[in-house]
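Since every read-out is calculated from the coordinates, none of them should be taken as a lab result. The shown structure was predicted, so the numbers you read here are calculated from the model rather than taken from an experiment. Cβ placement follows ideal geometry from the backbone for every residue including glycine, while neighbour counts extend to all protein chains displayed.
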Amino acid sequence: MTLAPPTCPADLVPELSVRDLAASLAFWCGPCGFAVVFDRPEQGFACVQRGTARVMLDQLGTGRDWVTAPLELPLGRGINLEIAVRISRQSWRRWRRRAGRFSSAPRRRPTASARGQ
């Protein structure tokens, strides 16, 4: 796997427990447009980044797990992550095609100039 150098330090980096690291990487690095900045495959771990947004992915049962309650699918119930990234029209179209897989569709935010800032 080719690793992308970190583009900048991140102020907050959530770590998400996943059942299948390969499937999660396909999602984050596919339609979401993130790139792996570092990984530890033997531990089922990867960190992905796009712009200033960074997320750590940790496969359950491989390496260390931070489990505080019984794990039942779907994982992440009750969590809401809002991640702001610049997105191309092509990436936006890919997101829109996959929107049925999400509880709410991706949204465009007005740019600072459109908000009059």
- Task: Take the alpha carbon gyration tensor of region 22-87, find the square roots of its eigenvalues, order them as a ≥ b ≥ c, and report rounded if a/c is under 1.5; if not, report prolate when a/b exceeds b/c, else oblate.
- Result: oblate
- Note on the structure: Diffing region 60-65: the Karplus 3J(HN,Hα) column from phi (6.51, -1.76, 1.60, θ = phi - 60°), in whole Hz with x for Gly and Pro, holds 4, x, 10, x, 8, 10
- Using θ = phi - 60° and the Karplus form 6.51 cos²θ - 1.76 cosθ + 1.60, what ³J(HN,Hα) does each residue of region 44-49 get, whole Hz, x for Gly and Pro? x, 10, 8, 10, 10, 8
- Task: Set the Förster radius R0 to 35 Å, insert the Cβ-Cβ distance between residue 80 and residue 40 as r into 1/(1 + (r/R0)^6), and round the FRET efficiency to 0.05.
- Result: 0.80
